[in-house]
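Bear in mind that the values in this text are calculations on the coordinates, not laboratory data. The model shown is predicted, which means the values in this text are computed figures rather than measured ones. Backbone-built Cβ (ideal geometry, glycine too); neighbour counts: all protein chains shown.
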Amino acid sequence: MTPSCALKFVPRSIPLGVISATLSLSLLASCSSLPSLPIPFVDNAPAAPIVSGSASAKWGQQVDLSGGVVITDPAYVIGPEDALDISVWKDETLKSAALVRPDGGISFPLAGDFIVAGKTASQVRDELVKRLEKFIPEPVVTVSVVRVASYRIYVIGRVNKPGDIQTGRNIDVLQALSIAGGMTPFASEDDIRIIRKVQGKTVSIPFEYSRIRKGGDLSQNITLKSGDVLLVP
């Protein structure tokens, strides 16, 4: 049953101060059994940003939603599916984000269609300058690789994290093994092979880890090419 908070009649002869105190005590006593309501908690801390496409994004983390890796090596060789950002100084109409086609080519206003696969960003810039000079005196061209999707290495066999490796720079055999978490205890470290396609043919390049571990010949620690398969038996 809901408790009553009704007030009782108080004679007029009692002073006002006493009446006020009596009323307060009466209200407190009669309403003390009412169910208490939870006090809402207000958190004034800023809410963490919700980043689309990432369920594990941390505060302030920059998330790349382009489906590739941002380039970090100026000597990186461009390949199909890479994305380029091209701009010409003082000409907003000559600014474009170009996706390298499977045939290795791109199209750019005034410059037309040309092949960029197999070249660095600076080489593509030089090619654009030559083509644009016919229309613009001394063009200042900027070419940036904003997404790397073509450089991919595959590591299989007795490593801790087998799979494909996609980076924004060229890596060598030891770096690939490190990214793959290193070899397992039962790996045959001197029978490692790099499987590579050269002019349509598949070649096998040996790699003996023990020679490097003992401080021997480092020449076998070659730079891997996109599409190479590192086999650790």
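Quick notes on this one:
- Sparsely packed trypsin sites (Lys or Arg not before Pro) within the stretch 80-178, loop by DSSP, other Cβ within 10 Å at most 10: LYS90, LYS134
- Radius, Kirkwood style, for the stretch 133-173 when every pair of distinct Cα atoms is counted (Å): 13.8
- More than 12 Å apart - percent of Cα-Cα pairs taken over the stretch 152-201: 66
- The three principal axes of the Cα atoms in the stretch 74-233 give end-to-end lengths of 62, 29, 27 Å, sorted in falling order.
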